[in-house]
1. Let me check I've understood the local charge: for Asp8, count other residues with C-beta under 10 angstrom from its C-beta, Lys and Arg +1, Asp and Glu -1. What total comes out?
2. When the Cα centres of region 1-33 and region 51-86 are compared, how far apart do they sit, in Å?
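What follows draws every value from the coordinates through simple rules; no lab data is involved. Quick caveat: nothing in here was measured; it's all calculated off a predicted structure. Here the Cβ is made from the backbone with ideal geometry for all residues, glycine too, and neighbour counts use every protein chain on show.
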Amino acid sequence: MGRVLCVDPGEKRIGLAVSDLSGTIANPLKVLEHISRTIDAARIADLASECEAGLIVVGQPLDEDGQIGPQARKSQRLGEAIGLQTSTPVAYWDESGSTQTARKARIEMGVSRDHRKGHMDDIAATVILQTYLDAHPTLNGEQK
C-alpha cells in the first residue's frame with residue numbers, strides 16, 4: 001500500500017502527517033491554513049500524490065458515545081471532497097484526544113512552555129496516524 005497520509009481538519013488549520021513506506025511510523029508533514037473545503041481538498045489530494053500515499057486517513061472526532069456529531073460531519077464532508085479530487089482511498093479514524101496527547105508528549109519531551117505555544121496540528125495528525133497504524137498492523141500485508 002505504501003505511505004498513509006493523515007489529515008487532522010480544524011477550523012483554521014489542517015494538520016498533516018505521513019507514514020514511512022512500511023506503514024509503521026507516523027511523522028509530522030505540515031500544516032495548511034484552511035481556505036475552503038474544495039481548495040483544501042485539492043491541496044491534500046496533491047500532497048497525497050506527491051507522497052505517493054496509498055491511503056488518506058481523515059481524523060474524525062466522535063463523541064463520548066462513539067457517535068458522529070457536528071465536528072465529525074465536517075470532517076466527513078472534507079473527506080468526501082478529497083475523494084472527489086483523487087482516486088486514493090479515504091478512510092476515517094477517531095481523533096478524540098489527539099491534541100491533548102500531542103500536548104502531553106511535548107511536555108514529556110521537555111519542550112519548554114514558550115515553545116509549546118502555538119498550533120500542534122501536525123503533531124495531532126501524527127498522533128491520529130500512529131493510532132491508526134497501530135490498530136492496523138497488517139496494512140501492508142505483513143504481520144508486525
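1. Values: positive: Arg13; negative: Glu95, Asp121, Asp122.
The answer is -2.
2. 13 Å
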